[in-house]
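Following: one structure in structure tokens, then a few remarks.
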Amino acid sequence: MNLPRRVKLIDVGPRDGLQNEKQPVPAAVKVELVHRLQDAGLNEIEVTSFVSPKWVPQMADNAEVMAGIHRQPDVRYSVLTPNLQGFEAALKTKPDEIVVFGAASEAFSQKNINCSIEESIERFAPVVKAARDAGIAVRGAMSCTVGCPYEGEIAPERVGYLAGLMKSIGIQRVDVADTIGVGTPRKVQAAIEATLRHYALNDVSGHFHDTYGQALVNTLAALQVGVWNFQSSVAGLGGCPYAKGATGNVATEDVVYMLQGMGIETGIHLDKLIDAGVFISNALGRQPNSLVSRAVLNKRAV
Ligand SMILES: CC(C)(COP(=O)([O-])OP(=O)([O-])OC[C@H]1O[C@@H](n2cnc3c(N)ncnc32)[C@H](O)[C@@H]1OP(=O)([O-])[O-])[C@@H](O)C(=O)NCCC(=O)NCCSC(=O)C[C@@](C)(O)CC(=O)[O-]
């Protein structure tokens with residue numbers, strides 16, 4: 001299989017990366033991170049969530065963050081909205097895309113959004129319609145497409161079932177998410193292949209957490225089946241509050257370095273991206289969770 005010549009990265013660092021942070025992260029820092037990401041060439045950024053502040057307090061400043069961004073016309077700003085209440089709050093902040101988020105595992109659906117898979121689709125349907133009516137793009141994140149912290153291994157058929165439900169209510173594109181990072185290349189490819197029975201290749205993205213250190217090789221495995229859209233987090237930030245122990249997404253810096261080495265275009269300036277990762281890591285008082293970033297920083301220090 002010829003690999004894609006170009007890859008589109010959606011940095012979810014400001015949302016997935018920060019949502020699980022226990023320490024308060026000021027809205028101004030989140031806004032600065034978005035600015036640094038767009039300056040580094042990211043033109044899709046997942047900024048925040050419109051969810052219950054009791055469940056995810058770190059995202060409570062969602063409207064303030066969205067208002068603070070100096071928007072660039074070529075950048076798509078997306079936000080998570082699990083229901084109409086979230087969508088109505090988000091609509092005021094003018095996102096370019098909203099993301100509804102379901103799971104291939106019943107148990108994770110209950111833990112994460114307090115409803116069954118079927119109920120989640122009923123909840124998403126009016127959100128999707130309202131977004132499309134308002135000219136806003138709609139993406140569906142599919143959690144636990146390889147493994148679930150509560151149910152263990154998830155069969156590809158369950159991913160296909162969820163993808164079919166999302167397609168049936170008009171969700172335009174979907175993310176195949178390995179939420180707890182247990183995936184390995186063939187399993188990730190099987191989850192993607194199940195999704196491709198309902199969505200075209202251009203409408204499927206990979207979203208790989210790196211808990212077991214497999215995210216980069218899973219990204220390559222997804223590339224080998226033609227996927228060319230991926231979510232990643234600057235500095236390897238992140239982890240879902242409802243997947244205990246799940247660490248961050250694959251670091252955007254590590255993906256960009258790998259793709260550039262393979263001659264695959266991303267449009268991203270790696271040094272500026274590393275600087276963005278250093279900025280947010282300093283704000284959080286820790287090292288970037290990106291091996292490429294650490295290697296480059298060591299080299300710069302020599
Ligand atoms: C989804 C709900 C809200 C349902 O929660 P619920 O309890 O079923 O909702 P409810 O309608 O019964 O309302 C309960 C309370 O929440 C409020 N509420 C209700 N909806 C909203 C809203 N949209 N925004 C703000 N507030 C909201 C509502 O007003 C009420 O407030 P109270 O009367 O108790 O003061 C809740 O379960 C929730 O917020 N869960 C958090 C989900 C979440 O953010 N998880 C992390 C993101 S998903 C993820 O990280 C995975 C992903 C996408 O990255 C991919 C992957 O790696 O797998």
Q. Taking region 5-25 on its own, how many of its residues are farther than 20 Å from Thr266 by Cα and either out of contact with any Leu (no Cβ under 6 Å at 6 or more places or on another chain) or in a loop (DSSP other than H, G, I, E, B) (or both)?
A. 10
Q) Looking at (1) modelled with pLDDT under 95; (2) surrounded by fewer than 17 Cβ atoms within 10 Å (Cβ to Cβ), which is the only condition Ala243 fails? A) (2)
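Which of the residues spanning region 53-74 are assigned to a loop (DSSP other than H, G, I, E, B), over 23 Å from Ile268 (Cβ atoms) and within 20 Å of the chain's Cα centre (by Cα)?
Listed by number, the residues that qualify are Pro53, Trp55, Val56, Ala60, Asp61.
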**Q.** Residues of region 22-60 satisfying the condition of being open to solvent by less than 30 Å² (accessible area, probe 1.4 Å) and within 16 Å of the ligand (Cβ to nearest atom)
**A.** Val25, Lys30, Glu44, Ile45, Glu46, Val47, Thr48, Ser49, Phe50, Val56, Gln58, Met59
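Which residue, of Leu216, Leu201, Leu237, is within 14 Å of the ligand (Cβ to nearest atom) and either open to solvent by 10 Å² or more (accessible area, probe 1.4 Å) or in contact with a Gly (Cβ under 8 Å, 6 or more places away or on another chain) (or both)? Can you show your working first?
Working: Leu216 fails: within 14 Å of the ligand (Cβ to nearest atom); Leu201 fails: within 14 Å of the ligand (Cβ to nearest atom).
Only one candidate qualifies: Leu237.
Table: residues versus (1) touching a helix residue (DSSP H, G or I) at 6+ places or on another chain (Cβ under 8 Å); (2) farther than 16 Å from Val278 by Cα; (3) at pLDDT 95 or above; (4) not polar (S, T, N, Q).
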position: Leu3; (1), (2), (3), (4): yes, yes, no, yes
position: Val7; (1), (2), (3), (4): yes, yes, yes, yes
position: Leu18; (1), (2), (3), (4): yes, no, yes, yes
position: Ala27; (1), (2), (3), (4): yes, yes, yes, yes
position: Lys30; (1), (2), (3), (4): yes, no, yes, yes
position: Val34; (1), (2), (3), (4): yes, no, yes, yes
position: Gln38; (1), (2), (3), (4): no, no, yes, no
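Within region 94-112, which residues are open to solvent by 20 Å² or more (accessible area, probe 1.4 Å), of a type outside the set (Lys, Arg) and either within 12 Å of the ligand (Cβ to nearest atom) or more than 18 Å from the chain's Cα centre (by Cα) (or both)?
Going through region 94-112, the residues open to solvent by 20 Å² or more (accessible area, probe 1.4 Å) turn out to be 94, 96, 101, 106-107, 110-112.
From what's left, of a type outside the set (Lys, Arg): 96, 101, 106-107, 110, 112.
Phe101, Glu106, Ala107, Gln110, Asn112, listed by residue number.
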**Q.** Residue check, Glu122 within 14 Å of the ligand (Cβ to nearest atom) and open to solvent by 10 Å² or more (accessible area, probe 1.4 Å)
**A.** yes
(Q) Taking the conditions exactly as written (open to solvent by 50 Å² or more (accessible area, probe 1.4 Å) and over 23 Å from Leu201 (Cα atoms)), does Glu151 satisfy them or not? (A) yes
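The values are calculated or read from the model by the stated rules, or taken from the named source; none is laboratory data. Everything quoted here is computed from the prediction, not taken from an experiment. All Cβ positions, glycine included, derive from the backbone under ideal geometry; neighbour counts span all protein chains shown. When the accessible area is computed, the model is the full protein with side chains, heavy atoms only, and any ligands, DNA or RNA have been set aside. Shrake-Rupley method; radii C 1.70, N 1.55, O 1.52, S 1.80 Å.
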